[in-house]
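The values are calculated or read from the model by the stated rules, or taken from the named source; none is laboratory data. All values reported here derive from a predicted model rather than from experimental measurement. When we count neighbours, we look across all protein chains shown, and the Cβ atoms used for this are built from the backbone with ideal geometry, even at glycine. Quick note on the areas: whole protein, heavy atoms, side chains included, nothing else; ligands and nucleic acids left out. Shrake-Rupley method; radii C 1.70, N 1.55, O 1.52, S 1.80 Å.
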Amino acid sequence: MNSLYQSSIKSLPLLGHGKVRDNYAVGDDKILIVTSDRLSAFDVVMNEPIPGKGKVLNQMTDFWFEKLGHIVPNHLTGVAPESVVAADEVDQVKGRAVVAKRLKPIMVEAVVRGYIIGSGWKDYQATGSICGIQLPEGLQQAEKLPQPIFTPAAKADLGEHDENISFADMESRIGAELAAKMRDVAIKLYTEASEYAASRGIIIADTKFEFGLDDNGVMHLMDEVLTADSSRFWPADSYAVGISPPSFDKQFVRDYLETLTDWGKTAPAPALPADVIEKTQAKYFEAIERLTGEKLKV
Ligand SMILES: Nc1ncnc2c1ncn2[C@@H]1O[C@H](COP(=O)(O)OP(=O)(O)O)[C@@H](O)[C@H]1O
Ligand SMILES: [Mg+2]
């Protein structure tokens, strides 16, 4: 598996490097999004690639766009990434890129939680609620919620952490109508996806969607969708209430980083040992195979 830490497409204008994706302009209404093999943990980008991770994320997202396309329009254009780059750049985009509509990002992330874990569990222990949503008493860590809840987060600037906000705050930032639409669509997407995943032995504990608006103000699903980076995937067979279940993602990396008492979770990242990289890579591949029933293409 060849790996790509950072793309360098010279034939298109670079729009910017995100933590994981590199964006290039294709004309003035489209973008080429290349998903690299970079891994970020605690919002810090590690120095080593996880070979093939970008392909896994890209192909998982494509899988969900196809499956969930009837719920909301998405940013795909159908233009082949290979067709917008130079011949000697094709290797950089193969299996890991899309040509998307260039949308105006809505600066609130749509987080949906079906289970109580992570920052939600912390909030609940402190206040009995998550993002201002009151929850029943006596919930245990990793317990399934009576119904999925929508807990928006303000999209942070580069290098900052996203910040949980209340729904009222979301309404004041983007307007009540758009906020309600985002919430309803996000809950629908999560519900349908989690039912499908359950049939494949995977629990989607929570996830984050990003939406953008086109020139006519139509809301589109964009970015990555229901990947192991944007979601917590738990193997159903090792799920238990009361513990933080193992997950199909960067948990190995996070666990390793937690052992480093002298690293303050800010850049620069410490070096990752080879076995942590290998185990993480195996988890990403296992996730896509379990979910889609197929091996990675390309
Ligand atoms: N169709 C789109 N139009 C405009 N911006 C997009 C689109 N799809 C994704 N993006 C943006 O591209 C960036 C993807 O890079 P990524 O590495 O995920 O960034 P981040 O570090 O912000 O998570 C994000 O800022 C995302 O909001
Ligand atoms: Mg992102």
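Just for the range 1-57: of the residues that are among the aromatic types (Phe, Trp, Tyr) and surrounded by fewer than 19 Cβ atoms within 10 Å (Cβ to Cβ), which one is farthest from Leu76 (Cα to Cα)?
Checked the range 1-57; the qualifying residue farthest from Leu76 (Cα to Cα) is Phe42.
For the range 1-93, which fully contained strands (runs of 3 or more DSSP E) count at least 2 residues that are under 21 Å from the mean Cα position of the chain (by Cα), aliphatic (A, V, I, L, M) and farther than 29 Å from Trp263 by Cβ?
Passing ranges, in order: 30-35.
Six or more apart or on different chains, Cβ atoms under 6 Å: show the pairs whose first residue is in the range 9-26 and assigned by TED's automatic domain parsing to the domain that holds Glu82 and whose second is assigned to a loop (DSSP other than H, G, I, E, B) and basic (Lys, Arg).
If the second residue must be assigned to a loop (DSSP other than H, G, I, E, B) and basic (Lys, Arg), the pairs left are Val20/Arg38.
Go through Tyr239, Tyr190 for me and flag whichever is aromatic (Phe, Trp, Tyr) and either in contact with a helix residue (DSSP H, G or I) (Cβ under 9 Å, 6 or more places away or on another chain) or closer than 26 Å to Gly54 by Cβ (or both).
Numbers: Tyr239 fails: either in contact with a helix residue (DSSP H, G or I) (Cβ under 9 Å, 6 or more places away or on another chain) or closer than 26 Å to Gly54 by Cβ (or both).
Answer to the check: Tyr190.
Of the residues in the range 187-246, how many are under 22 Å from Ile288 (Cβ atoms) and within 16 Å of ligand 1 (Cβ to nearest atom)?
16
Which condition breaks for Arg96 when tested against (1) open to solvent by less than 20 Å² (accessible area, probe 1.4 Å); (2) out of contact with any Gly (no Cβ under 7 Å at 6 or more places or on another chain); (3) within 16 Å of ligand 2 (Cβ to nearest atom)?
(2)
Do you know which of the residues in the range 216-239 that are over 18 Å from Lys283 (Cα atoms) and more than 13 Å from ligand 2 (Cβ to nearest atom) is surrounded by the fewest Cβ atoms within 10 Å (Cβ to Cβ)?
Only one residue tops the list, namely Asn216.
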